[in-house]
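Take a look at the structure below.
The values are calculated or read from the model by the stated rules, or taken from the named source; none is laboratory data. Predicted model only: the values in this text are computed from it and were never measured. Neighbour counts run over all protein chains shown; Cβ positions are idealised from the backbone, glycine included.
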């Protein structure tokens, strides 16, 4: 019944009073836990999780006790995996976890904040000390309907925060500057603080920002932006240049974000969470020079903005030698129909079914096909689910991890 109601065009607005009551009740039930924490909120279409982990690790490395809540995991010192397919949990769970984090003695909380969470009052009662904006690209229009409404929803965080750190290279910052209480901007091309002397490597990025020298263990130009935002958080909180540099460098990886799966094979396998058009483009842009072919495995989730499917199909086809369209969290939507949107985009870009474009709706078989097809020097990209521990089909959730599946297949190759 609920699934049918959610398809009504006015459903999201109609249930807002319920969300407000739920959030207000949760803050009272758990005795306003956010007020005991110095909360740093990170929002944007892409880069939120990695930026959160960089901030969390930087502050921990500097000697602070810090909680974190992201798409991937939550906790203080010993993190729990986030098993639900939600970046920002419901208000009751959010306050319950904040209470646990506060009770463990954390001074800070690094919180990944979504447009859905902001729209549905999940952040009610959270006094954000610092808010970070990563970027804004085409996503979640199934919920917000227009890009303008999506931008405005994100903006609620900067109205709430005492201080904002805004990506000057993103056009949305022009609007956020008009509503933020106080702010600083950052970027590569624009901004009050800029990344200079960039060096992009296979295993990370290096650059300078004033007297701060940043080096990451996670590759991709987008991680210049993520780490620069994290560095400015550290600077605002009074950390030294050395604390910022060594803290960010100490983060080895973020699960499901540009993870290289190495079982001794003569080709590269990378698992990444990218599932929005801009995120896909950034993954391809971050790849070092590839000796062989690029083989991409990707699919789309059900009950999510269908307009991105052909766009993503085109992006996959443009940057890949071989494209394998597969399942993602299809939920109650027909996987065949979801896949067709991607196929339409890929064929528009010149790919041919059965030649360099394949449809395999069993995700494990799709990953197996990609790996078995790979030759020396190739790069296999497994995109869309990243860290997730299950896949949602019409009959419910099934255990599934891209990283585990890829490792199992690669190990089986070594035995033959």
### Task
Specify the residue that is modelled with the highest pLDDT; the eligible residues are those in region 43-86 that are within 11 Å of the chain's Cα centre (by Cα) and at positive phi.
44
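Where in region 298-416 are there strands (runs of 3 or more DSSP E), lying fully within it, with 2 or more residues that are surrounded by fewer than 18 Cβ atoms within 10 Å (Cβ to Cβ) and without any contact (Cβ under 8 Å) to a residue 40 or more places away in the chain? Please lay out each step first, then the result.
On the way: elements: 322-327, 357-359, 379-383, 390-393, 396-399.
Because the criterion is at least 2 residues that are surrounded by fewer than 18 Cβ atoms within 10 Å (Cβ to Cβ) and without any contact (Cβ under 8 Å) to a residue 40 or more places away in the chain, the strands (runs of 3 or more DSSP E) in region 298-416 that meet it are 396-399.
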### Task
Kindly list the number of the only condition in (1) without any contact (Cβ under 8 Å) to a residue 40 or more places away in the chain; (2) closer than 28 Å to residue 61 by Cα; (3) touching a helix residue (DSSP H, G or I) at 6+ places or on another chain (Cβ under 9 Å) that fails for residue 181.
(2)
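Take residue 322 and decide whether it is touching a strand residue (DSSP E or B) at 6+ places or on another chain (Cβ under 8 Å) and either closer than 22 Å to residue 374 by Cα or not assigned by TED's automatic domain parsing to the domain that holds residue 280 (or both).
On the way: touching a strand residue (DSSP E or B) at 6+ places or on another chain (Cβ under 8 Å): yes; either closer than 22 Å to residue 374 by Cα or not assigned by TED's automatic domain parsing to the domain that holds residue 280 (or both): yes.
Taking the combined requirement at face value, the residue satisfies it.
For residue 274, are the conditions met, namely being touching a helix residue (DSSP H, G or I) at 6+ places or on another chain (Cβ under 8 Å), farther than 26 Å from residue 74 by Cα and either buried (at least 22 other Cβ atoms within 10 Å of the Cβ) or not assigned by TED's automatic domain parsing to the domain that holds residue 135 (or both)? Give the derivation first.
Working: touching a helix residue (DSSP H, G or I) at 6+ places or on another chain (Cβ under 8 Å): yes; farther than 26 Å from residue 74 by Cα: no; either buried (at least 22 other Cβ atoms within 10 Å of the Cβ) or not assigned by TED's automatic domain parsing to the domain that holds residue 135 (or both): yes.
Considered against the rule, which asks whether it is touching a helix residue (DSSP H, G or I) at 6+ places or on another chain (Cβ under 8 Å), farther than 26 Å from residue 74 by Cα and either buried (at least 22 other Cβ atoms within 10 Å of the Cβ) or not assigned by TED's automatic domain parsing to the domain that holds residue 135 (or both), residue 274 comes out as no.
Only one of 227, 208, 203 is surrounded by fewer than 21 Cβ atoms within 10 Å (Cβ to Cβ) and either within 25 Å of residue 108 (Cα to Cα) or in contact with a strand residue (DSSP E or B) (Cβ under 6 Å, 6 or more places away or on another chain) (or both); which?
208
Name the residue, out of 184, 214, 218, that is in the same structural domain as residue 43 (by TED's automatic domain parsing), touching a strand residue (DSSP E or B) at 6+ places or on another chain (Cβ under 7 Å), under 25 Å from residue 256 (Cβ atoms) and not in a loop (DSSP other than H, G, I, E, B).
Working: 184 fails: under 25 Å from residue 256 (Cβ atoms); 218 fails: not in a loop (DSSP other than H, G, I, E, B).
Being in the same structural domain as residue 43 (by TED's automatic domain parsing), touching a strand residue (DSSP E or B) at 6+ places or on another chain (Cβ under 7 Å), under 25 Å from residue 256 (Cβ atoms) and not in a loop (DSSP other than H, G, I, E, B) holds for just one of 184, 214, 218, which is 214.
To keep it simple, each residue is scored yes or no on (1) modelled with pLDDT of 95 or more; (2) part of a strand (DSSP E or B).
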| residue | (1), (2) |
| --- | --- |
| 41 | yes, yes |
| 88 | no, no |
| 99 | yes, no |
| 106 | yes, no |
### Query
For region 261-269, does any single residue satisfy the condition of being free of Cβ contacts under 8 Å to residues at least 60 places away in the same chain and at negative phi?
yes
### Query
Residue check, residue 154 against (1) at pLDDT 90 or above; (2) assigned to a helix (DSSP H, G or I); (3) in contact with a strand residue (DSSP E or B) (Cβ under 6 Å, 6 or more places away or on another chain), all met but one. Which one?
(1)
### Task
Check region 114-127 and report whether any residue there is part of a loop (DSSP other than H, G, I, E, B), more than 21 Å from the chain's Cα centre (by Cα), modelled with pLDDT under 95 and farther than 30 Å from residue 20 by Cβ.
no
